[in-house]
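The values are calculated or read from the model by the stated rules, or taken from the named source; none is laboratory data. As the structure is a prediction and not an experimental result, all values here were calculated from the model. Ideal geometry is used to build each Cβ from the backbone, glycine not excepted, and the neighbour counts take in all protein chains shown.
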Amino acid sequence: NAGVTQTPKFRVLKTGQSMTLLCAQDMNHEYMYWYRQDPGMGLRLIHYSVGEGTTAKGEVPDGYNVSRLKKQNFLLGLESAAPSQTSVYFCASSYSMVGYGYTFGSGTRLTVV
Amino acid sequence: AQKITQTQPGMFVQEKEAVTLDCTYDTSDPSYGLFWYKQPSSGEMIFLIYQGSYDQQNATEGRYSLNFQKARKSANLVISASQLGDSAMYFCAMRERDFNKFYFGSGTKLNVKP
């Protein structure tokens, strides 16, 4: 099925470990985004990309890095995980037009112990 | 200022009744889009309905309709004939012409009672 695929769906990390979350979309969307969702804080934008090879910081970028080497993939990296990064992470993609909404991935539940 | 405001953190509705979830927005851009998403307890984000700023009529999608009052800058979601499966968190969102990102509201948690 066409859409946004996130891997993994669940992960437990120890403090200081690193990991990469993968987001892949097959809709030829230009724009891709990483959000985190925490209880009572809604969705907060971490990083986004407006095209292959480009990335930009969002609202809460500290502690994360991203790369978009191919148009269909957007990677989110945690170099040294901290308990404050325990969250649910959503990837989303969209066309670059005001009338198009996001297509979201199913989310990654990350716990840092 | 908040771009999207959802003032109802939680709501209850009786099954088969209609319910309105409030959303107000703030923009000076004449071209914008308004969206509603549903997030059930399983966690995925499901697109429900879209309203463009230049659309003359209110958007409808099955049991969902968007009560768009442009002068008041409100975009309330109306769910008719509520079902138990409608129990979820609902997010209002807006996209402007600077369309690098969406603005999301804080969400309304809807509980449908049998």
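Among the residues of the range B:33-49, count how many are without any contact (Cβ under 8 Å) to a residue 40 or more places away in the chain, more than 7 Å from chain A (Cβ to nearest Cβ) and not hydrophobic (A, V, I, L, M, F, W, C). Residues that pass the stated criteria total 1.
Does A:LEU21 fit the bill of being modelled with pLDDT of 95 or more, within 14 Å of chain B (Cβ to nearest Cβ) and farther than 19 Å from B:MET89 by Cβ? For A:LEU21, the condition - modelled with pLDDT of 95 or more, within 14 Å of chain B (Cβ to nearest Cβ) and farther than 19 Å from B:MET89 by Cβ - is not met. Within the set A:SER93, A:SER84, the sole residue that is more than 15 Å from A:SER18 (Cβ to Cβ) and away from chain B (no Cβ under 14 Å) turns out to be A:SER84. In the set B:LEU77, B:LEU34, B:LEU66, only one residue is assigned to a strand (DSSP E or B), closer than 26 Å to A:PHE90 by Cα and touching a Gly at 6+ places or on another chain (Cβ under 9 Å); that residue is B:LEU34.
Within the range A:98-113, the residues that satisfy the criterion of being outside any strand (DSSP E or B), in contact (Cβ under 8 Å) with a residue 60 or more places away in the chain and facing chain B (nearest Cβ under 7 Å) are A:TYR102, A:SER106, A:GLY107. If the condition is being under 11 Å from B:GLY105 (Cα atoms) and not hydroxyl-bearing (Ser, Thr, Tyr), then the range B:4-33 contributes B:ILE4, B:GLN6, B:GLN8, B:PRO9, B:ASP22, B:CYS23. For beta carbons closer than 7 Å, sequence separation of 6+ or different chains, a first residue in the range A:24-48 that is more than 8 Å from chain B (Cβ to nearest Cβ) and a second that is part of a loop (DSSP other than H, G, I, E, B) and acidic (Asp, Glu), the qualifying pairs are A:ARG44/A:GLU59.
Scoring B:ARG97 on the criteria (1) within 10 Å of chain A (Cβ to nearest Cβ); (2) over 14 Å from the mean Cα position of the chain (by Cα); (3) at pLDDT 95 or above leaves a single failure, condition (3). Residues of the range A:79-97 that are part of a loop (DSSP other than H, G, I, E, B) and surrounded by fewer than 18 Cβ atoms within 10 Å (Cβ to Cβ): A:GLU79, A:SER80, A:ALA82, A:THR86, A:TYR95, A:SER96, A:MET97. Applying the criterion of being in a strand (DSSP E or B) and within 11 Å of B:MET11 (Cα to Cα) to the residues of the range B:80-94, the residue that is farthest from the other protein chains (Cβ to nearest Cβ) is B:ALA88.
Each residue in the range B:1-24 was checked for being surrounded by 20 or more Cβ atoms within 10 Å (Cβ to Cβ), within 14 Å of chain A (Cβ to nearest Cβ) and outside any loop (DSSP other than H, G, I, E, B), and 1 pass.
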